[in-house]
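Report on the structure given below.
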Amino acid sequence: MRGSERNNKKLFWDKSIEITDQEFKEVLQITTDDIRENRVKFGKRTSLKQVFIVFQISLRLLRDVEGRKYER
């Protein structure tokens, strides 16, 4: 894990979110893609608070999708 990625993960740990390394990587990619597609392309700036909100939503979505995979 790179230094910046480790620092990012610590930020989310400090918010009491339990997350595995694999989930963190996947959710960070989803969050980055979302911000790039829905904000950067439209010239909007994204605060750290907004990044955290998108991250939380993405984590919930990932866990919901993963949970449904095992229900079948």
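Taking first residues from the stretch 51-62 that are more than 14 Å from Arg39 (Cβ to Cβ) and among the acidic types (Asp, Glu) and partners that are modelled with pLDDT of 90 or more and assigned to a helix (DSSP H, G or I), no Cβ contact under 7 Å between residues at least 6 apart in sequence or on separate chains turns up. Summed over the stretch 48-72, the residues that are at pLDDT below 90 and of a type in the set (S, T, N, Q) give a count of 0.
The values are calculated or read from the model by the stated rules, or taken from the named source; none is laboratory data. All figures in this text were calculated on a predicted structure; none of them were measured in a lab. A quick note on method: Cβ atoms are made from the backbone with ideal geometry, for glycine too, and the neighbour counts reach across all protein chains shown.
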